[in-house]
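Have a look at the structure below, then the notes.
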Amino acid sequence: MTDRIRITRGFAIATAIGMLIVLLMGARVTATGSADGCGNDWPLCHGSFLPAGTYESLVEYSHRIVTGAEGILVAITSVLAWPMRRRYPEVKILIPVMAGTLILQSLMGAAAVKWPQTPEVLASHFGISLICLASAALLARVLTDRHPEKARHGEGALKPQLPDHGVLRFRRLAVASVVISILVAYSGAYVRHRGAELACTSWPTCNGEIIPEFGGLHGVQTIHRIGALIISLVILGLLTLGYRLREVRPDLFTISVLGMLLVVIQSLSGAVVIASGLQLMATLTHAAIMSLLFVTLCDGVRLTWKQRPEADLSRIGGELQGMAVGD
């Protein structure tokens, strides 16, 4: 690995970690009701370059400072990684998405300070942050791939995968899981901005009812829980497909196990949020696990397009031929 790749990978990892911190600090702003901590001023805070001496002001202003630092990291990572786009084709997609979503969420944050926003608009802020985090994390993952240049120079060349209906099914379900998970994340953020977190004071039932009325805040909370159930079932399907592919694609099996583990922990953390009465650490943990789950599912999609070494194809082909002879 060249020094340039090593340095770029280091910045990409730092950018991904920084984006997770930005996301969690944004969740803290919402959880503590600090969105108005700097009044209607942006980027200043009550007309000053320093925050006011209140907790809400410090929370809001620190979030702005860290977001600004993250913007610098994104810029440096983009400049370093863009010249590698021929070696790593995924860079052509990941860098524009990473930079674009960070700019978009910054502008949305400024707009939320300047002008009143609806819960629907405010909830989308979390979803955009997730996409930015995933693009930064996948960029770091791509830069850890070994010898991508062999695909261009022929030595130990990687060739397209053999038609594999199992992998194709896994890909379709993985894409569906990414779409559903972003909708679940949006619904969770909407629950927060609508003030419906404690509309259901019990879990998994809603105030003792298995099927509550779908009106008012109870309905908002119930729809989020139904979405969480759906994504859990989809990831269970991924785990089933991954288990069937474990011999030829252990990477897909590993990512499906990790996804299943995270969705279980996510569900349990949701119960802890309710039981603790929205305790701050429980709320932030819930957001962090959702973020890691989304990144994991996105990586699962990426892996289904990853090429398989020619040696593996030859081995699989030999096994298939042996099976045919044995039959």
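The values are calculated or read from the model by the stated rules, or taken from the named source; none is laboratory data. Worth saying up front: this structure is predicted, and the values here are computed from it rather than measured. Neighbour counts run over all protein chains shown; Cβ positions are idealised from the backbone, glycine included. Heavy atoms of the whole protein, side chains included, go into the accessibility calculation; ligands, DNA and RNA do not. Shrake-Rupley method; radii C 1.70, N 1.55, O 1.52, S 1.80 Å.
Data overview
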{"quantity": "Accessible area (Å², 1.4 Å probe, nearest 10) - Tyr186", "calculated": "80 Å²"}
{"quantity": "Nonlocal amide H pairs with Cys45, under 5 Å, H built at 1.01 Å", "calculated": "Leu50"}
{"quantity": "Under the span-like rule (Cα at least 30 Å along the axis, Kyte-Doolittle mean at least 0.0), DSSP H helices of the chain", "calculated": "3-31, 55-81, 91-114, 119-142, 165-194, 216-244, 250-275, 280-304"}
{"quantity": "Sequence-distant residues sharing a close amide H with Thr201 (under 5 Å, placed H)", "calculated": "Asn207"}
{"quantity": "Cα-based shape type of region 23-120, given that a ≥ b ≥ c are square roots of the gyration tensor eigenvalues and the cut on a/c is 1.5", "calculated": "prolate"}
{"quantity": "Listed residues Glu209, Glu197 arranged by accessible area, highest first, probe 1.4 Å", "calculated": "Glu209, Glu197"}
{"quantity": "Inter-part distance where region 167-206 and region 56-75 are each reduced to a Cα centre, Å", "calculated": "27 Å"}
{"quantity": "Accessible surface, 1.4 Å probe, highest first, among residues Glu56, Glu247", "calculated": "Glu247, Glu56"}
{"quantity": "Magnitude of the charge dipole, the chain, Cβ model with Lys/Arg +1 and Asp/Glu -1, debye to 20", "calculated": "960 debye"}
{"quantity": "Isolated Cys in the chain, by beta carbon distance under 4.7 Å", "calculated": "Cys132, Cys298"}
